[in-house]
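One structure below.
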Amino acid sequence: MKTRTRSLLFIALAAATGNAAAQDPHASHHGHHRHGAGAKPDPHAGHVPASPGNAAEADPHAHHAGHAAASAPAADAVPPQPATDPHAGHAMPASAAQSMHGDDPHAGHAPPAAPPSRPASGDAHAGHGSAANGLDVHATHADHTGHGAAAMQVPREPIPAPTAADLAAAFPALAPHAMQHAPGINSLVLFDHLEAWDNARGSGQSWAAKGWVGGDIDRLWLRSDGQRSEGRFGEWSLDALYGRAISPWWDLVGGVRHDGGDAPGLTRAAIGVQGLAPYKFEFAATAYLGGPRRAELAVEAEYSLLLSNRLILQPSLEASVAADDDPRRGVGSGLGHVGAGLRLRYEITRRFAPYVGFVHERRFGRSADLHRDAGEATRESRWVAGVRFWF
């Protein structure tokens with residue numbers, strides 16, 4: 001009797017256990033998450049895509065308590081789920097998935113927490129959201145084509161290749177000597193100094209001018225300087241030189257020089273160089289050969305310092321060295337004469353500029369002795385005013 005009673009209790013206990021297992025829809029899920037030793041749990045392992053038909057039968061979680069609202073109808077395949085739904089990302093019924101994405105096996109899956117960056121031409125399903133996360137699964141379908149940027153790079157009207165007629169119109173054949181050139185002969189006259197002064201020693205005037213006529217290589221140069229005081233001309237000179245360009249900035253000159261004034265005239269041969277030295281110093285060095293002095297070297301240099309576009313300060317320096325005495329003109333051997341000037345001019349136009357300045361002259365050595373013997377001063381300073389112009 002006791003044995004029979006124990007058997008009945010065992011059968012009743014087994015039946016109760018079986019009913020509980022049948023009512024638990026998750027009882028068969030325990031084996032779905034074991035894929036092997038050490039494998040991470042996969043919530044989708046073992047799930048079989050639902051066949052078309054009853055959506056409630058296709059989804060084993062359709063009637064789980066707490067997975068959907070109690071009032072949700074059983075026929076609703078995949079209701080929108082909040083982002084905290086623990087089942088977000090589970091496969092949707094085949095009918096609903098095919099209606100959205102066709103046969104896409106990834107349809108409805110939630111994206112990983114940190115998706116790797118991929119080019120636009122990568123996975124066609126990259127960037128799809130899921131209905132379970134509250135995202136529109138078609139939100140990124142506009143980017144699936146990947147042809148938007150490429151289509152914008154293609155010009156609407158490609159530039160045609162130039163034809164023979166286009167080339168002929170752009171580069172016409174020119175006849176010989178058809179282009180306009182500057183005249184072959186040019187000229188310039190520059191009065192660098194044309195000034196006057198009036199001081200305790202009396203008044204006077206002086207000039208320094210030069211001009212040329214010719215082409216770019218060969219030119220005829222004329223240079224003159226001198227002074228006038230007490231109503232009569234003092235020393236003056238005139239150079240007539242042939243100049244040939246030996247570089248873009250330098251000319252080699254040669255010709256004759258004539259000296260006039262109170263003393264008898266003197267004509268000598270001249271040879272030298274002139275041009276623009278580095279740092280834009282205008283420089284001229286000329287050797288005169290013949291006459292009582294036998295040889296004489298004259299050097300001149302000046303510089304134009306632009307204080308503004310029209311206000312220019314011009315320092316100048318000149319010196320001469322003779323090989324022998326010339327008592328008639330008060331020139332002795334050695335370093336005879338040095339003159340320095342500083343003139344400030346204002347260019348009303350580029351061709352015409354009045355100026356004021358200061359000039360100092362001094363004689364040295366044998367030349368100073370000759371001037372003292374004649375009762376003349378060996379040094380002189382004066383303020384000057386004048387104009388500088390060219391044409």
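Just a few scattered comments:
- In this structure the stretch 320-367 gives 49 Å² per residue of accessible area when probed at 1.4 Å with all protein chains present.
- The phi-based Karplus calculation (6.51 cos²θ - 1.76 cosθ + 1.60; θ = phi - 60°) puts the 3J(HN,Hα) values of the stretch 377-389 at 6, 8, 9, 8, 10, 7, 8, 10, 9, x, 9, 10, 8 Hz, whole numbers, x for Gly and Pro.
- Of the accessible area of the stretch 258-391, computed with a 1.4 Å probe over protein heavy atoms only, carbon and sulfur atoms account for 62 percent.
- Surface per residue (accessible, 1.4 Å probe) for the stretch 218-264, Å²: 60 Å²
- 5 angstrom amide H check on Gly290, placed H, neighbours 5+ away: Ala295
The values are calculated or read from the model by the stated rules, or taken from the named source; none is laboratory data. Note that this is a predicted model, so its numbers are computed, not measured. Ligands, DNA and RNA are stripped out before the accessible areas are found, and what is left, the full protein with its side chains, is counted by its heavy atoms. Shrake-Rupley method; radii C 1.70, N 1.55, O 1.52, S 1.80 Å.
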